[in-house]
Structure formats: structure tokens, C-alpha cells
Amino acid sequence: MSWVTRTALVAGLGFLYGPIVVLIVYSFNASPMVTVWGGFSTRWYGALLADAPLLSAAWVSLKVAFLASLLATILGTLAALALERQGRFRGRALFTGLVFGPIVMPEVMIGLSLLLMFIGIGLDRGLLTIVIAHTTFCTGFVAVVVGARLRGLDRSLEEAAADLGASPGRVLMTVTLPLLAPALAAGALLAFTLSLDDLVIASFVSGPGSTTLPMRLYSQVRLGVNPEINAASTLLVGLVSVAVLLASWLTARRGQG
Amino acid sequence: MRAAGAEAGPARVRKRGRLFDRLVRLPPFLWLAAFFLLPFVITLKISLSEPATAIPPYLPLLDWRGGLDGWSAFLEALNFDNYLTLAADPLYRDAALGSLTYAGVASLILVALGTPLAYALARAPARWQPLLVALVIVPFWTSFLIRIYAWIAILKPEGLLNLALRRLGLIDAPLTILNTDAAVIVGLVYAYLPFMVLPLYAVMNRLDPTLREAAADLGASPSRVFWTVTVPLSLPGIAAGAGLCFIPMVGEFVIPDLLGGSETLMLGRVLWSEFFSNRDWPLAAAVAVLILAIVIGPVVLFRDSLRAGEGEAP
């Protein structure tokens, strides 16, 4: 590698990680001032554990993320199978648009339009509506991850099973899905993370009793820099990093095999 | 003439296969039609409702069982007042222009920053590439809200950037960066950089290395190889990355709200305040349709590259 590309890498990664490092460092700051270092302290983590509304919001978020990632993994995997294994079918262009549209569509639009529909059909806002909304935008991401893996799979394995008389359902359950397992896990983890992270869509479709963690954090962040938020963020960053590294390790490991 | 008996077996298998294929694609199709497509149709309809009737069932309702009369009654009752408001009030025009400008400028900066970074990733030793790609992805999946919030501590007048500049003796008085256009651009570039780099890296990684080698053998300098071989061949990736960033940035809410000033006008923020503060739901729906109208072009244009580029994410 030349020094130019090396510099580009260091500068790029430095830009991406700088703000996150700042956040983590100051979460251990004894002083509540951002630019004043008051010594090392874990007091903000203690304050976090005593913050009941924050903890209950975190619990709501975990429940939503679990259900949404489960549903999105099922739907996203089926979508990827249809797109990668079914060639041409009627409505393929529409199907593709429906699967990948939510990935790029601005969040305010998804949130507002879902809310207008929920009100139109008289569905009470709460945990269920957030789960529906999150499943909708996570499905495309799962389809991307599973689809990439499906493209890399040796199709002759599935064809061999079919030639030997296995029904399509049996081929799926005993050949395709086991081979896809790491991608399913990676897709589910990403869906979980995305759901855990969403503020905008949840703000539109949540009800009075269902405040998620990002909604709670947002209402505090708007009031200014708060070291307790730094602590919460550090925990969140740690959790997500572990999940993402695990996910990319799972995909990379199978990719080499 | 085909012998009916000989074909019965394979035909039954094929038929069963087609039924199975339908069963596979039906659940995601129904789900997304119900919770992605239908809501947009409803939004479109509500944007044509009267503000005063902003409570369900949002007049006018289409009486499609009434045949032609039902349709004409529906069309006559359509109300374009919300769109006239959008056209007449400079606030919405400025917000649309603002969204296009912020997203456009940020996309250009993303191309300038993302291209060398993607190139460096593609040229890194093969065994380091999975780790380096994962390092680009981790912030992407790290709380968006928190990453934007972190910039407040850096950019504010008594923040780390001003502190560093003063320590270095470059400035005497703190610069005002937070709550300006510059802060919004920094936030957009920062949040969407992985969106730019990953599809571009996927394209650059697949380029045939012999083309670069041939250019170098013919005496081209490394920078000339980069500009005359690598960049032109990567243009589809550059376009896909810019499109992938531009589309969601147009409707961005969190970044202008946390880092921008009171005069930072973007459509996502306007929609949010029409909905949550002014409670004018039909007008908010009209703003949503305006956003859709702006992003639909890039979405159609980049439909294929969105798929191909995103396919390289973890």
C-alpha cells in the first residue's frame, strides 16, 4: 500500500470513529462539563441504572426489536428466495420495488404513511404498530444479506436433492436453509440493530405507553449534552459493535468455506 | 402428439413447484403491499383531503361501488388546497430547495471523500479487507441518533473543535459552527459516508487489476492510473453511492433538527413540525407526497445499483 491510500484509510476511519471515541471517553468523565476533564468516574453509569423511564424504554425497544427481527428474517428470507431462485414471475418488478424500497425511502414518509393507515383502519397505536413498522423496513435489509449469500451458494446441491425426489419444501428445509444459517443469523442481527436504532418511524407509530429507547434519548438529547446519555450511548455502541462484528464474522467465515 | 401418461409425473412436479414458488413469495408480497404500498396510497389520498376534515375517515371517500357516478363524485370532491398551500407559501418552496441543496452538496462531498476511502479499502491487503470493511460498517449500524448527538459536543462554541483550535493558537474567539449550515453538512457527510463507501468499494474490488497494471506498464504514474483507469471504470459505483445517500438525505429529520439552526429548512423537518406541532395532517401528507416526488426519479434510476451495491454489505 502506498502512503496515499494508507493516509486515506487512517483519515477516513478516524473521521468515522472520532466522535464515537469522544462520546465513550466523556462517559467516564466525573465532571458534567463536556470540555472539562474532572477525572475518571463511573457515576453516570450508576445514574443510568437508577433511571427508571430510560430502563423501561430500553425494555420496550428490546421487545420490539426481538419480534420485528424475527418477522423480518422470515419475510426477508422468503423475499430473497423468490428473487434469487424463481427467475421471472409476474409482478417481479413490483416485488423488487416493494422489498428494496423501504431501505432508501426517507423515514419520515414511512412513519407518516403507516400512521395514517393505522388510524384509518382503527388499529390502536402501541407495541404492535411499532413491530409492524419495523418489520416492514427491516425485511429489505434481511433480503439483501440473505440474497448475497444465496447468490454464492452452489445451486447444484439443491438441484441434486430435487433430482433425488425431494419436494421443494424438503429441499428448502434440509438443504437451502442449513446452508443459509449464517446469513440468516447475520440478517436477524442487523434487523435487531436497525429496530433498536430507529427514532423517526417509532415516533410516528408509537402510542402513549410505548416509548422506545431512541425516543427517550431524543427527548433528553434535545435538552443539551448530558453525561448520562454518553454512558447510555457507550453501552449501546458496545452492544451493537459486538453484534455487527459477530454478524460479519459469521458471513465472512461461510464466505471462505 | 404427446403421450398424456408420460407427461403426468413431471407435469405434476412442475405444478407443485409453481405452487411452492407462489407460497414462498406470497407472505413478503402481501406484507409489503399492506404496510408499504397501501400506506403511500392512503397518504396520497389524505393529502387531497380538506384540512378541516383531518379526522378519520378523511373526506372524500371513493365510493367505487357507485360506478361512474361514484368516481366523478370522488374526483369533484378532491381538494388540492394542500398543494396550493405548498406552492403559495415560500416556506415549503424554501424547504424543498433547502433539502435539494443540503442533500446535493453533501452528496458531492461524499463522492470526494468516499472515492479515496473506497479505493484505499479495495487496495488494502486481501487478508485485511474483511476487517477494514467491518470497521466501516460498525458506525453505520451504531445508533444514528447518538452519532449525530456526539457532534454537538464537538461543534458547539465551547466544544472540542473550538478548544483544539484555540490551543493550537489558530483562533482567538470561538467559531460558531453548531446550528449553522456547515454543521448540517458535516452531520450529513458523517452519517452517510458508509452508504457511499460500501457500494463503491464493491465496484472497485471487482475491477480487473490487469487494466491498472497495463496502464502502469505503459508508463502512467499511480495518480494518472487512478484518474484515467480506476475512476472512469468506477463511475457506476460512484453514481450508485451518491444516489443511495441523496435519497434518504432529502427527507432527513434528525440531522437538521439537532445540528441545524432555526433557519435550517429541510422537507423532513417541515413534515415533522406540520405533523407534531401544527397537527395539520393533510398538509403533512402533502409534504410527504412532495418528498416522494423528489426522490422517485433517483429511486427508479438507481433501482438496480441499489440492489447490486447493497448486496456487498455484511
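A short reminder: the numbers here are calculations on the coordinates, not readings from a lab. In this text the structure is predicted, and so the values were computed from the model without any measurement. Glycine also receives a Cβ, built like all others from the backbone with ideal geometry; neighbour counts cover every protein chain displayed.
Within the stretch A:185-197, can one find any residue that is more than 21 Å from residue A:22 (Cα to Cα), more than 10 Å from every other protein chain (Cβ to nearest Cβ) and either among the β-branched types (Val, Ile, Thr) or not in a helix (DSSP H, G or I) (or both)?
No, every residue in the stretch A:185-197 fails to be more than 21 Å from residue A:22 (Cα to Cα), more than 10 Å from every other protein chain (Cβ to nearest Cβ) and either among the β-branched types (Val, Ile, Thr) or not in a helix (DSSP H, G or I) (or both).
Output the residues belonging to the stretch B:244-275 that are within 16 Å of residue B:118 (Cα to Cα) and more than 8 Å from chain A (Cβ to nearest Cβ).
Within the stretch B:244-275, B:245 is the sole residue that qualifies.
Which of the numbered conditions does residue B:103 fail, given that it passes all the others? Conditions: (1) facing another protein chain (nearest Cβ under 9 Å); (2) closer than 30 Å to residue A:220 by Cβ; (3) of a type outside the set (Lys, Arg).
(1)
I want to confirm something. Restricting to the stretch A:83-117 and keeping residues that are polar (S, T, N, Q) and in a helix (DSSP H, G or I), which single residue is surrounded by the fewest Cβ atoms within 10 Å (Cβ to Cβ)?
Checking each candidate, the answer is A:96.
Examine the stretch A:151-166 for a residue that is facing another protein chain (nearest Cβ under 8 Å) and farther than 30 Å from residue B:288 by Cβ, and state whether such a residue exists.
Within the stretch A:151-166, one or more residues are facing another protein chain (nearest Cβ under 8 Å) and farther than 30 Å from residue B:288 by Cβ.
Can you work out which of the residues in the stretch A:4-58 that are of a type in the set (S, T, N, Q) and part of a helix (DSSP H, G or I) is farthest from the other protein chains (Cβ to nearest Cβ)?
A:56
Please enumerate the residues belonging to the stretch A:219-246 that are within 18 Å of the chain's Cα centre (by Cα) and within 26 Å of residue A:113 (Cα to Cα).
Those that are within 18 Å of the chain's Cα centre (by Cα) and within 26 Å of residue A:113 (Cα to Cα): none in the stretch A:219-246.
Yes/no matrix, rows are residues, columns are (1) without any contact (Cβ under 8 Å) to a residue 40 or more places away in the chain; (2) among the charged types (D, E, K, R):
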site: B:173; (1), (2): yes, no
site: B:177; (1), (2): yes, no
site: B:186; (1), (2): no, no
site: B:229; (1), (2): yes, no
site: B:254; (1), (2): no, no
site: B:257; (1), (2): yes, yes
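Which of the residues belonging to the stretch A:25-51 are under 23 Å from residue A:241 (Cα atoms), surrounded by 18 or more Cβ atoms within 10 Å (Cβ to Cβ) and not hydroxyl-bearing (Ser, Thr, Tyr)?
A:28, A:29, A:44, A:48
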